[in-house]
Every structure is written in C-alpha cells, then in structure tokens.
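The values are calculated or read from the model by the stated rules, or taken from the named source; none is laboratory data. In this text the structure is predicted, and so the values were computed from the model without any measurement. Don't worry about glycine lacking a Cβ; one is built from the backbone with ideal geometry, like all the others, and counts go over all protein chains shown.
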Amino acid sequence: MSFDFNDPESIRNQQKTGVLVALFGSIPLSIGKKLRQSFYPLIFGSIGTNVNIESGVQLVCAQAIELGHSASICSSTRLNCWGSGSKLIIRDRTRLDQGIHIQALGGTIDIGEGTYMGPYICMAGPGNIIIGKDCMIASSSGIYANNHVFDDPTRPINQQGLTHKGIVIEDDCWLGSGVRVLDGVIIGRGSVIGAGAVVTKKIPPYSVAVGVPAKVVSKRGAVTNSQL
C-alpha cells in the first residue's frame, strides 16, 4: 500500500507508525528487538520471519515498505516512502548497514535477495531503482534516480522540476566505496565498479569499470585486485 495524501487510512497508518516508532524504536538490546518484532508487523506493508530491526531506525510511511524473511536493518537508518506511489521492497536476507538513507519519493525501490548495503549509502527516486540479488554496495555510495531541470536561467533550479528514468543494478555486482550511480544507468550482471567511480552510462555484464566518469577497463577474469 502506497501513501495517499487524500486517504484518511493512509494518514492514520502514518500516525500509527509515528507512535510505534517513538515508543519502541529507540529501545536497545534484546528487549528492544523483541518488542519491535512484536509490534512492527502492525505498521509494515508486509514483513517476513526472523527480521532484525535495530534501535534508532526511522520509518516514514511504513505501510509502503515490504520486508522479506531474515532481512536486517541496522541502527540510524532512515526509510522514507512519503509520497503517493512510493514503494520500498527489501527482499529475503538483505542487510542494510547503519546510517543508510533511502527515499522512494513516489517511485519503487527494490533491493534483491542476499544483497548487502554498506554504511551511509544514500538512495533516492522518484525514478525506480532495482538492485539485483547477491550484490555488494560499499559504504558512502550514492544511487540517484533523478535529475534537476535547469534550462531556464531566470528561475531557481529548485522550481524547475525533475526528470527521472530509473536505475538497474543487476545480480552479483560489487560497487566499491563512494561510487555514484546516476539516473538512467544499467549496470550489467556480475560487474565491478571501482571505489569513487561515477557511473553515467550503461555498463555491460561482467565488466570492471573505474574512474570519473566510469569507463570499462577490462572484463571479469582479466584483472587483478591491484587494478581496482
């Protein structure tokens, strides 16, 4: 269920989310974990078994969030599905490390099974963001499915709207620390993106890409770790 600004039920669900998070979201240790496991199924769109949500996790419009079995969300993470049409899917065995900030902004963000998201990653729609299975995305990376319109120099950029095409990161990809993935990009299956790279265009499957902007330097199997 996405959030609808004109729907009284959506507003009530968000109010319930705020109350439950305020009551149980900051309680540490095993007692806090047990309380969250008991009460959080009341606010999520769906939630699997053996889900671990640590203290200090912030939730906005949790009714638009689906958590798979054995998903794990670490402390100080913020999941924001505010806005009509927003949806966040965190599939089985996915782990979100601490301090991650995800904003759907009216789009769908889908994180595949067994994927690991490192600390302090930022992701934002409203373009759809699809991340495949068994990916590893290292700390402080950014994935942004939007661009600001800035054609008119007589108007503030923040009043000219956004464009959005969406982002796809296919299965079994590894993105190093501090990678930036920009709107419209597809990163092919099994690819490796070196630390600090800025990905501005499509990366073919099983590629190794580095630099600003990211360029393919080799295929998997023909590179040593010292080149990343």
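The single residue among Asp152, Asp134, Asp171, Asp183 that is free of Cβ contacts under 8 Å to residues at least 12 places away in the same chain and of a type in the set (Asp, Glu) turns out to be Asp152.
The rows are residues; the columns are (1) assigned to a loop (DSSP other than H, G, I, E, B); (2) of a type in the set (Ser, Thr, Tyr); (3) buried (at least 19 other Cβ atoms within 10 Å of the Cβ).
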{"position": "Leu105", "(1), (2), (3)": "yes, no, yes"}
{"position": "Ile109", "(1), (2), (3)": "no, no, yes"}
{"position": "Glu113", "(1), (2), (3)": "yes, no, no"}
{"position": "Pro119", "(1), (2), (3)": "yes, no, no"}
{"position": "Met123", "(1), (2), (3)": "no, no, yes"}
{"position": "Pro126", "(1), (2), (3)": "yes, no, yes"}
{"position": "Lys133", "(1), (2), (3)": "yes, no, no"}
{"position": "Ser139", "(1), (2), (3)": "yes, yes, no"}
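Run down Ile186, Ile169, Ile193 and say which single residue is surrounded by 16 or more Cβ atoms within 10 Å (Cβ to Cβ) and touching a Lys or Arg at 6+ places or on another chain (Cβ under 6 Å). None of the other options fit; the residue is Ile186. Screening Asp110 against (1) closer than 22 Å to Ile43 by Cα; (2) touching a residue at least 24 places away in the same chain (Cβ under 8 Å); (3) within 12 Å of the chain's Cα centre (by Cα) leaves a single unmet condition, (2). Filtering region 113-128 to residues that are in contact (Cβ under 8 Å) with a residue 40 or more places away in the chain and either in contact with a Lys or Arg (Cβ under 6 Å, 6 or more places away or on another chain) or closer than 18 Å to Asp172 by Cα (or both) leaves Glu113, Gly118, Gly127.
If you check Arg155 against the conditions, is it of a type in the set (Lys, Arg), at pLDDT 95 or above, touching a Gly at 6+ places or on another chain (Cβ under 7 Å) and on the phi < 0 side of the Ramachandran plot? Taking the combined requirement at face value, the residue does not satisfy it. Per the listing Lys219, Lys201, the residue uniquely out of contact with any His (no Cβ under 9 Å at 6 or more places or on another chain), within 25 Å of Asp110 (Cβ to Cβ), among the charged types (D, E, K, R) and surrounded by fewer than 17 Cβ atoms within 10 Å (Cβ to Cβ) is Lys201. Scanning region 56-77 for residues that are of a type in the set (Ser, Thr, Tyr) and touching an Asp or Glu at 6+ places or on another chain (Cβ under 7 Å) yields Ser70, Ser75. Whether a residue is closer than 17 Å to Asn128 by Cβ and either without any contact (Cβ under 8 Å) to a residue 24 or more places away in the chain or among the small types (Gly, Ala, Ser) (or both) was assessed, and Thr163 passes this test.
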